[in-house]
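Here, each number is a calculation from the coordinates, and none is a lab measurement. Since this is a predicted model, take the numbers as computed values, not measurements. Here the Cβ positions follow ideal geometry from the backbone for every residue, glycine too, while neighbour counts run over all protein chains shown.
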Amino acid sequence: MRSPDRSLLGPALGLALAVGVFGLSFGVLAAASGVSLPRASAMSMLVFTGSAQYAAVASAAAGAAAPAIVLAGLLPSTRCLPFGVALAPLIGPSRVHRLLGAQLVIDESTAMALAQSDPARARSAFWLTGIAVFGCWNAATVIGVLAQSAIGDPRRLGLDAVFPAAFVAVLAPLVREPAARAAAAGGAAVAVALVPLTPPGIPITAGVLGVLAGLALDRRA
């Protein structure tokens, strides 16, 4: 793998820090729901998908059965399947690259990679962002669990709004073309419409599939 492009370091670290704030709120929520530090840390290291972790912890806090908790965690993660397909050529040729890279296929690394027009920059953006977010997310989880009693409800401090705002900023360069804007708007409409009707995880999964379907139809046209 080439040495990282320094122009990508700032955006990758900035996004990682923003996601770290989101990880902090996850640690607080996990502790408030009775999840121990070892379990919360293991979830952040092994699952490493914010929406899935939130859904699983929220389901557990609501008293859901084990199968429902697992399903709640799996549903949001299904959106990473098309991400993996899109990023496969960028991750690297060896099995080691693919094994390690699979753990870093998340919204942020995908958005950063796909925002680059040059394949070499896209590969660097993927690895830089994935590693930076992984480090910040796991560190923030530990801090959030340990500081839960002092922080209280993360929504009271507006911590839950930092991650969505940062992610929208990263996605902005991807929706410059009319077809991309139409696909994004359609996917967002599908997700919003399903929020009051379906369990957590399904709206965002359906929204992502809607975006991919819209882009696929545009390419065939």
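When you filter the trypsin sites (Lys or Arg not before Pro) in the stretch 1-56 for DSSP loop state and at most 15 other Cβ atoms inside 10 Å of their Cβ, you are left with Arg2.
Expected output is a single nm value to one decimal: the length gained when fully extending between Ala115 and Leu100, i.e. 0.36 nm times separation in residues minus the C-alpha distance. What is it? Don't skip to the answer; put the middle values down first.
Numbers: separation 15, 0.36 × 15 = 5.40 nm, distance 2.14 nm.
Between Ala115 and Leu100, full extension yields an extra 3.3 nm.
By the equivalent-ellipsoid construction on the alpha carbon gyration tensor, the stretch 13-155 comes out with semi-axes of 29, 17, 11 Å, ordered largest to smallest.
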